[in-house]
1. Please name all residue pairs, on different chains or six or more residues apart, with Cβ atoms under 8 Å, provided the first residue is in region 118-131 and is over 18 Å from Pro148 (Cβ atoms) and the second residue is among the acidic types (Asp, Glu).
2. Restricting region 11-32 to residues that are of a type in the set (S, T, N, Q) and in contact with a Lys or Arg (Cβ under 8 Å, 6 or more places away or on another chain), which is nearest to Met116 (Cα to Cα)?
3. Would you mention how many residues in region 7-29 are closer than 19 Å to Glu142 by Cα and crowded, with 19+ Cβ neighbours inside 10 Å?
4. Scan region 129-137 and give yes if some residue there is among the hydroxyl-bearing types (Ser, Thr, Tyr) and out of contact with any Phe, Trp or Tyr (no Cβ under 9 Å at 6 or more places or on another chain), otherwise no.
5. Report, by residue number, each residue of region 22-46 that is under 15 Å from Phe101 (Cβ atoms) and either polar (S, T, N, Q) or over 13 Å from the mean Cα position of the chain (by Cα) (or both).
6. When region 88-105 is examined, which residues are found to be in a helix (DSSP H, G or I) and in contact (Cβ under 8 Å) with a residue 24 or more places away in the chain?
7. Give the residue that is farthest from the chain's Cα centre (by Cα), with candidates limited to residues of region 91-120 that are among the small types (Gly, Ala, Ser) and surrounded by 15 or more Cβ atoms within 10 Å (Cβ to Cβ).
Amino acid sequence: MGPIKTRVGEQSPDLSLKDLHGNPVILSSFRGNKHVVLAFGSTSCGLFTMKLDDLQRVYEQYRQHPDVAFFVVYQKEAHPIMMGTGQPKTQERRVELAKRFQDKYRLEMPVLVDDMSNQAAKFTRLPSTAMIVDKDGRVRYEAMLLHPCAIEQTLQQLLRQE
């Protein structure tokens, strides 16, 4: 199996993480209500961080849309030695780094913090992966790199089909 573990058309695995304020967010709770954009990444993945401004612009277009939810999933660091901090050993440290990440890139998108069991690994082995899970819980888009224009096009298609 390649780096992305879920495939377009398949039922998405569930994801239960907390946001930066400690509030639980459960992917399956959006079924029947919202299409969910998930962008997996970390501070040390340059391929991810260089596309965040573009992703933020797409988020701003859809942030008030009642049928769409966006989340950045801060996962384990791709290149922890580059950060000089090493891989976080505790959830508290991972949350701290995720808050710094949000501040550094001035993200308004909600940030979920992958837990120490690395739930993101159910979806992908690599950071800089994006997915859209539709209202039925099926993966409708996946890409190993962030392509904000493709995310926007997929959202437009999903919303037109309703």
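Each reported figure results from applying straightforward, stated rules to the coordinates on display, with no laboratory input. Owing to the predicted nature of the structure, the values given are computational and were not obtained by experimental measurement. Heads up, the Cβs are rebuilt from the backbone with ideal geometry, glycines too, and the neighbour counts pull from every protein chain shown.
1. Close Cβ pairs satisfying both conditions: Ala120/Asp114.
2. Selected residue: Ser12.
3. 3
4. no
5. Ser42, Thr43, Ser44, Cys45, Gly46
6. Gln91, Val95, Leu97, Ala98, Lys99, Arg100, Phe101, Gln102, Lys104
7. Ala98
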